[in-house]
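Readers should treat all values here as calculations from the given coordinates under stated rules, not as data from a laboratory. Note that this is a predicted model, so its numbers are computed, not measured. Heads up, the Cβs are rebuilt from the backbone with ideal geometry, glycines too, and the neighbour counts pull from every protein chain shown.
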Amino acid sequence: MAGITTHVLDTTSGRPGAGMRIDFSMMVDGSYKLIKTVVTNVDGRTDQMILKPEDTVVGEYELLFHVDDYFRKLGMNLPEPSFIGQVPVRFAVFDPKQHYHVPMLATPWSCATYRGS
């Protein structure tokens, strides 16, 4: 399976990051252009692929995870400004026939990503 997917894990609770907003952008003419905004479902995943295989091309992409908004919606008392706010993950598609899974592991104090399978 090709294309781009993501999911969010709330490592504070060890549960899926349900309800996190993610903005997806692509580099166009030297700047990132917003393609769409999605919100994770109860499994911490998006209901549809971020980018379908037939729409995926070689290029630079960005997933912008709204981490602080997510934890505030859960009722966490975060400092203002929050330590972790919006987290941009920029990555490149170098072979559109491959699958690019870009997950986010998040707490209000740390985050990590990797190329998943």
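At a glance:
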{"read-out": "GluC sites (Glu not before Pro) lying in DSSP loop within the stretch 1-103, provided at most 12 other Cβ fall within 10 Å", "value": "none"}
{"read-out": "Projected label distance in nm at V42 and D29, using a 7 Å step from Cα toward the beta-carbon", "value": "4.4"}
{"read-out": "Among 79-91, 35-47, 6-18, the order from most to least packed when residues are scored by Cβ within 10 Å on average", "value": "6-18, 35-47, 79-91"}
{"read-out": "Computed helical MRE - 222 nm, the chain, DSSP H runs ≥ 4 contributing -39500 (n - 2.57), nearest 500", "value": "-1500 deg cm²/dmol"}
{"read-out": "Relative contact order %, the chain, counting alpha carbon pairs below 8 Å whose residues are six or more apart", "value": "33"}
{"read-out": "Pairs of Cα atoms farther than 18 Å apart, the chain, %", "value": "48"}
{"read-out": "Modelled FRET efficiency - R0 25 Å, H101 with R15, Cβ distances, 0.05 increments", "value": "0.85"}
{"read-out": "Extension gain from F94 to T113, taking 0.36 nm per residue of separation minus the Cα-Cα distance", "value": "5.0 nm"}
